[in-house]
Amino acid sequence: MNDPAKLADFGAALTTSNAAELQEVLGTLDIVSRIEKTLLLLKKELELSKLQAEISKNVEDKMSANQRRYVPYPLPVASYP
């Protein structure tokens, strides 16, 4: 992609930002400012993604710990003839 404005628009479109934030990027004519605003949106998206992954891991760890507490031994596996 050789057009920095299109690259900035594409980067902004990859985020889950609200319409006002996206419109702010699109309304910025200065290309450096436009790219900087897009970069901020992408950084925000990255932080949200990291936080979601951390929360998912914590929930999974707690669920595993609870399962071990309630099922302290392996369950038998049924065999079929």
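Since every read-out is calculated from the coordinates, none of them should be taken as a lab result. Because the structure is a prediction, the values reported are computed rather than measured.
Here are the numbers:
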{"item": "The chain: calculated mean residue ellipticity at 222 nm from DSSP helix runs of at least 4, using -39500 (n - 2.57)", "result": "-25000 deg cm²/dmol"}
{"item": "Length-normalised contact order of the chain in % [C-alpha pairs under 8 Å, at least 6 apart]", "result": "27 percent"}
{"item": "Debye intensity ratio I(q)/I(0), log10, the chain, q values 0.20, 0.23 Å⁻¹ (C-alpha model)", "result": "-0.88, -1.00"}
